[in-house]
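Colleague: To start, I am sharing the structure in question, which I have written as structure tokens.
Just so it is clear, none of the values below were taken in a lab; they were calculated from the coordinates. Bear in mind that the values here come from a model prediction, so they are computed numbers and not experimental data. When we count neighbours, we look across all protein chains shown, and the Cβ atoms used for this are built from the backbone with ideal geometry, even at glycine.
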2 protein chains.
Amino acid sequence: MTLDPDLDPEAIREEAETEPEPRRMRDRVREAVERRDADELVALIDPMPLSEAMRQLFALDADDRDILLDLLPAELAARLIEEAPHAAAADLVDRMDTQRAAAVLEELDSAARADLIGDLEDDDAEAILAEFDPEDAADVRRLSGYEDETAGGLMVADVFAFRDTQTVAAILRDFAHEDADLEAYAGQHPYVVDKEERPVGVVSLRGLLMAKRTDRLAKIMVAPVLTVPVTATLDELQDLFDRHGFLGLPVVEADGRLVGAVSRQAVHDAALERAESESLKLQGVVGDELRSMPFWLRSRRRLAWLSANIVLNIIAASVISAYEETLAAVIAIAVFLPMVSDMSGCSGNQAVGVSMRELSLGLIQPKDAFRVWRKEVSVGMVNGILLGMLIGAVAWAWKGNPWLGLVIGLALAANSVIAVSIGGVVPLLLKRLGQDPAAASGPLLTTITDMAGFFLVLSLASLMMPLLV
Amino acid sequence: MTLDPDLDPEAIREEAETEPEPRRMRDRVREAVERRDADELVALIDPMPLSEAMRQLFALDADDRDILLDLLPAELAARLIEEAPHAAAADLVDRMDTQRAAAVLEELDSAARADLIGDLEDDDAEAILAEFDPEDAADVRRLSGYEDETAGGLMVADVFAFRDTQTVAAILRDFAHEDADLEAYAGQHPYVVDKEERPVGVVSLRGLLMAKRTDRLAKIMVAPVLTVPVTATLDELQDLFDRHGFLGLPVVEADGRLVGAVSRQAVHDAALERAESESLKLQGVVGDELRSMPFWLRSRRRLAWLSANIVLNIIAASVISAYEETLAAVIAIAVFLPMVSDMSGCSGNQAVGVSMRELSLGLIQPKDAFRVWRKEVSVGMVNGILLGMLIGAVAWAWKGNPWLGLVIGLALAANSVIAVSIGGVVPLLLKRLGQDPAAASGPLLTTITDMAGFFLVLSLASLMMPLLV
């Protein structure tokens, strides 16, 4: 059960069952933006599911997007910015003027606010903070100091805490006040702290319902309370929330002081964002990219990764260059070179995928490299031999030379084993070296398997040259 | 605030701060399995974070894993199986004998139970269901009928529901009973239903705290209540939970009857699992794979995808075969063929990655293909020209022929545009056609960009042959 102000009747309405057809909707949004018709925009955007509202927002040109966000009430604009992917959200805030940005950010919870401000240039961030009330600004400064993907970085600074000397009536008074700030506590248990602000217990719903109003909290609280240090990692937090049913956990500084609360939802969102960002990096999209971002930013980010790849490609191709004589003698080999390197790349990528998965599930760690390698080699041998026989047969049939089939088939079989070995182990080694396995595994894998594939085909062909020509 | 029996003091203990060094831990687990020492195993496994327990479980041989799960108390075994990735969990249950499997599954919530039983062979499933009490078996049969990744497939059948004619005292009695089954309701609001079992309201915590024990629920409930149909998709559920703070939502059949409740956590887990499975498919791992799975299953699954790829590769290579004369005349081209196709593949994969991301965020839909294409073409042209100039300069410097550089550079520039166009749009087209964009985009992209790359290099070279030799 949440302490959730959404429980107002007007907030609990059925989602609109019939959406207008989206293409027309897009035109209507654009026209309302052109007319600067704030009421019409609210009427259009507010009833939409958030994901649909996002789609409409990002279908606009950057300038229209800015206008739309300026016209909406700060609360609705904040909801959209909170739903937007991280990198895009910072950009949207960056483009607002200072006062508007401050007004919109005031609507976010303290964790989201600190995240966004942390992504801005220092000058811009300070200008916005100057608009905040000093307490909120202090919260933001404090929260910005913690690492992303730790309890400190994910927590909200607003904690639903009471002294152990207070009574049940104090909590009930808080509930009774229809205080809008209650939203900041959604999903927290009321925590009980001692005079050094250290959590000493938690008040359960059952305890609250069964207690007398005059009972001291120290009497009805459940103790001890599970706390997490500000330095707890995302993995540790996922573990804790998997294991316990809590909606939120109190976060403490090294000295035991209660400094915030991290919610299940924040941990969930961070985990999903991390999974998506890793998937993107495996595809060569490093740093966040959405097509709504500025053209040059997108181009530059993609080029950075491509340029590294082209250098690796040149290194791999130099192997072919060393064997031009062999190639000239048996030109048919040129047909199979890309096949051998492509197929090995595919096999290796499967191994990378499984290793990344097992890493993210916590099933393997860098020290398990040898075990992973053994598991990969056996699959690589079987699949390599089968694929090698297949491609060998194709080469034989196509070019009419069984020895050519043997060269290509052997090379693919051997290179498959190399590819899965590297693909399985490289993510673990990169992780051990403190590098990012998602971004670097693919290019490393491709380069090595290309080089090995070219070398195997061409050196085998050189050895068997009399049989091939 | 959760209705959470974990709030017992003994359950809320700090996680063990000092883990024994994992390698030694693995030996200790294996030795305890060999000795069939159930007490020692519980003492080792129970205090671990779940992810660490999973790591230990999957580091064992399949036989030892079975023994370990047999030795643990059903409740602990169930926790491990619930934490295990979906495909692995079904396999673990499949290997248990019927009575043990039933005992372990009894410990899971009704949604997880139905999922796992749905993954078993029909005979095995029926045998296990025969061990259940008839009511639980009926729940499982009913839940198995719903699609995965819908509200019906994700909901639990146990609903925390009261009649509108009941009083507050009825709810308080439920809380007061230290009923173990309360766990099944964790995170649900108490829903109020009419005599046709249709949800008509929900009881808020605030309402409960402020009410008299004799108040009828119809009086204190908040109405109307937000419900979701059993057919609601995962995307729709994510939208709803993003928009509202609820921990759970009541699920209704087409006739409006309350049939279950779907929790934020279940939706979160399903979303994360989907993101991870898409990432894996992009890497060519179709169907779940963990290295703990049986060897032949892993080999067969990987081969299925690789065999489709090898056929596509042969088709692409046939382009090279058609130009063997050109290649024979300018053998240096063979050095650059794999580079052009590799680099285009990289560019195209970036576009696939961004499209998959935007699809999963709901920012684009199949009908946006033209807009996506326009956005990609501009980035593709700029990046293609820059990379083309780079590789052209390399080819010129390396082989001493400016015309060779021109051929290679032009081919890469043009093929980059083709690659990003296809990479950006293909996921949308596949989705429109009801195919799985994650599994099929990569192979389609690679084949087309390989063919186009080979064709561009070789046909340009043929045209400019007098300048190249």
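Colleague: For the protein assembly as shown, with only Lys/Arg (+1) and Asp/Glu (-1) charged at the beta-carbon, what is the dipole magnitude about the Cα centre, in debye rounded to 20?
Modeller: Computed charge dipole of the protein assembly as shown: roughly 3460 debye.
Colleague: Describe numerically, in nm with one decimal, the distance between label points set 7 Å from Cα along Cα→Cβ at A:Trp296 and at A:Ile67.
Modeller: Result for the modelled spin labels: 2.4 nm.
Colleague: Determine, for each peptide in B:314-323, B:426-435, the mean count of other beta carbons within 10 angstrom over its residues, then list the peptides with the highest first.
Modeller: Result, highest mean first: B:314-323, B:426-435.
Colleague: Subtracting the Cα-Cα distance from 0.36 nm times the residue separation, let me have the gained length for A:Asp194 to A:Asp94 in nm, one decimal.
Modeller: 31.9 nm
Colleague: Report the charge-dipole magnitude of chain B in Debye, nearest 20, computed about the Cα centre from +1 at each Lys and Arg Cβ and -1 at each Asp and Glu Cβ.
Modeller: Using only the charged Cβ atoms, the result is roughly 3040 debye.
Colleague: Let me ask something additional. Which shape class applies to the range B:289-436: rounded if a/c is under 1.5, otherwise prolate when a/b exceeds b/c and oblate if not, where a ≥ b ≥ c are the square roots of the Cα gyration tensor eigenvalues?
Modeller: Verdict is oblate for the range B:289-436.
Colleague: About the Cα centre of the range B:17-148, what is the dipole size in debye to 20, counting +1 per Lys and Arg Cβ and -1 per Asp and Glu Cβ, all else neutral?
Modeller: 540
Colleague: Next question, about the same structure. Leaving out same-chain residues fewer than 8 places away, which lysines sit with a Cα under 27 Å from that of A:Lys219?
Modeller: Of all the lysines, those that pass the test against A:Lys219 - Cα under 27 Å, at least 8 places apart if same chain - are A:Lys195, B:Lys212.
Colleague: At R0 = 35 Å, how high is the FRET efficiency between B:Ala38 and A:Met381 if r is their beta carbon distance? Nearest 0.05 is fine.
Modeller: 0.35
Colleague: Which of the lysines could a cross-linker span from B:Lys367 if the Cα-Cα distance has to be under 18 Å and same-chain partners fewer than 8 positions apart are dropped?
Modeller: The reachable lysines, counting only those whose Cα sits under 18 Å from B:Lys367, are B:Lys375, B:Lys431.
Colleague: Also, quick follow-up: Using the Kirkwood formula over every pair of different C-alpha atoms, what hydrodynamic radius in Å results for the range B:17-148?
Modeller: Computed over Cα pairs of the range B:17-148, the Kirkwood hydrodynamic radius comes out at 15.3 Å.
Colleague: Above 40 Å lies some portion of the pair distances; for the protein assembly as shown, what is it as a whole percent of all C-alpha pairs?
Modeller: The calculated P(r) of the protein assembly as shown puts 46 percent of pairs beyond 40 Å.
Colleague: Moving to a separate point now. Take the Cα pairs of the range B:74-129, get the Kirkwood Rh, then feed it into Stokes-Einstein at 4 °C and 1.567 mPa s and tell me D in µm²/s.
Modeller: 120
Colleague: Show me, bin by bin at 10 Å from 0, the whole-percent P(r) of the range B:201-308 based on Cα pairs.
Modeller: Reading upward from the zero bin: 12, 28, 23, 18, 10, 7, 2.
Colleague: Would you mind classifying the range A:405-466 by shape? Square roots of the alpha carbon gyration tensor eigenvalues, ordered a ≥ b ≥ c; an a/c under 1.5 is rounded, otherwise it is prolate if a/b is larger than b/c and oblate if not.
Modeller: prolate
Colleague: Only bridges with both residues in the protein assembly as shown count here: give the DSSP antiparallel percent, nearest 5.
Modeller: So the antiparallel bridges in the protein assembly as shown amount to around 70 percent.
Colleague: Sticking with this structure for a sec: Rg and Dmax of chain A, using alpha carbons, in Å: what are they?
Modeller: Cα only, chain A: 29.4, 99 Å (Rg, Dmax).
Colleague: Take every DSSP beta bridge with both residues inside chain A and express the antiparallel ones as a percent of the total, to the nearest 5.
Modeller: If we restrict to bridges inside chain A, about 70 percent are antiparallel.
Colleague: Turning to a different aspect of this structure: Looking at B:Val372, B:Met339, B:Met356, which one has the Cα that reaches farthest to the positive end of the dipole of the range B:295-468 (charges on Cβ: Lys, Arg +1; Asp, Glu -1)?
Modeller: B:Met356
Colleague: Hydropathy at least -1.0 by Kyte-Doolittle, axial extent at least 30 angstrom from the Cα trace: which helices of chain B, defined as entire DSSP H runs, fit?
Modeller: Length and hydropathy pass: B:295-321, B:333-361, B:369-399, B:402-432, B:437-463.
Colleague: From the Cα gyration tensor of the range A:289-359, with a ≥ b ≥ c the square roots of its eigenvalues, which class applies: rounded if a/c is under 1.5, or else prolate if a/b is larger than b/c, or else oblate?
Modeller: oblate
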